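For reference, the structure is listed below as structure tokens.
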Amino acid sequence: MFLSKNDIHLQSMSAWRAWKSLWIKNCQVTKSLDKVSVEAFVGKGHGKILVQCAFGYSLSQNINTIKKYRDKIDVMCCDKAFGYLMQNGIVPDYCIIADGSVGLEWIKDQDTSQTTLVANVAANPEWTTNWKGQRVFYVNWDNIGSAQILGKIADVYEVIPASSNVSNAQVVFASQVLDHDAQLLVGYDYSWASFGTYYAGEDSDKRYYMRHMDMVSPYGYLAMTSSNLVFSCRWIMQYLYKFSRTNVINCSEQGIMDLHKKDPLDKAIMEETYKTRRTVHCH
């Protein structure tokens, strides 16, 4: 079932009311930071495969496969997955942060100099001011006009659609800017299960107080989830349905997202690598 304009409008207004003051404060810091233009990253994914790492439990199930094929793929992760990947010997090419308050503990004293930070203009300045690698900023384009306010304060005018949550923003930024030949999703569970932890690297009390509903996963087990996660899952499925030219494959092998393209990660990497090489050779 698709989200209506009213569904999205209500979600946007709720977030704006809750976070407006903090977002404005963060944008004032963003304005003063050195940054690379989004334009510099347009098309950087051509001829390449991108593994997108959200922080659901299924990321831990795929960590060895990512390590095995690291030299064949680009890696992008959400903010909370960065430290986990680094601890496992995987240096992401890109890390995205969208939250205005997510803490520095997720970086876990890791070296950020080799990774490009893709940051919402209202993201937590503790991240954006301490990041050692390149920084590129974007503005969320939503249906309530917040981009005109926040973009002007931050002096950043390059926009992507507001995407409901940070892991969705990974897919949108890559689709509209980087333009990889394929995006392979892991950790995109939008839920948790009795057999796994809430996050890939650790459990959280969220498994209790965020349990708003139970759903039967497309993979045949009982999944626990929240209203926010369900909204985000519906949002990204709707986005990918409308922008069908984007080659996105769900390799999480669990969760509540039911994309028509889904495969185990190792199989998807091998098949998409073959397609990419064949395309390059033909050209």
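Hey, can you find the accessible area per residue of region 203-283 for me, probe 1.4 Å, expressed in square angstrom?
61
Where a Cα-Cα gap under 28 Å defines reach, which lysines qualify for LYS261, not counting those fewer than 8 residues away within the same chain?
The reachable lysines, counting only those whose Cα sits under 28 Å from LYS261, are LYS5, LYS44, LYS48, LYS67, LYS68, LYS72, LYS80, LYS242, LYS275.
I'd like the Karplus ³J(HN,Hα) series for region 192-199: coefficients 6.51, -1.76, 1.60, θ = phi - 60°, whole numbers in Hz, and an x wherever there's a Gly or Pro.
My calculation for region 192-199 gives 8, 9, 5, 8, x, 8, 5, 9 Hz in order.
Report the convex hull volume per residue for region 122-280, counting only C-alpha atoms, in Å³.
It is 162 Å³ per residue.
Can you tell which of TYR198, TYR219, TYR239 shows the greatest fluctuation in a Gaussian network model of the chain with Cα springs below 10 Å?
Most flexible of the set in this elastic network: TYR219.
Once you have the Kirkwood Rh of region 1-88 from its Cα pairs, apply Stokes-Einstein at 20 °C and 1.002 mPa s and quote D in µm²/s.
Stokes-Einstein gives a translational diffusion coefficient of 127 µm²/s.
Could you work out how far the C-alpha centroid of region 147-215 sits from that of region 1-71, in angstrom?
Between the Cα centres of region 147-215 and region 1-71 lies a distance of 6 Å.
Carbon-plus-sulfur fraction of the accessible area of region 128-216, 1.4 Å probe, in percent?
50
How large is log10 of I(q)/I(0) for region 80-213 at q = 0.12, 0.22 Å⁻¹ when the intensity is taken from the Debye formula with one equal scatterer per alpha-carbon?
-0.53, -1.47
What Kirkwood hydrodynamic radius do you get for the chain when you take the inverse of the mean 1/r over all pairs of distinct Cα atoms, in Å?
Value: 19.1 Å, from the Cα pair sum.
The values are calculated or read from the model by the stated rules, or taken from the named source; none is laboratory data. Only a predicted model underlies this, so the values are computations on that prediction, with no experimental measurement involved. Ligands, DNA and RNA are stripped out before the accessible areas are found, and what is left, the full protein with its side chains, is counted by its heavy atoms. Shrake-Rupley method; radii C 1.70, N 1.55, O 1.52, S 1.80 Å.
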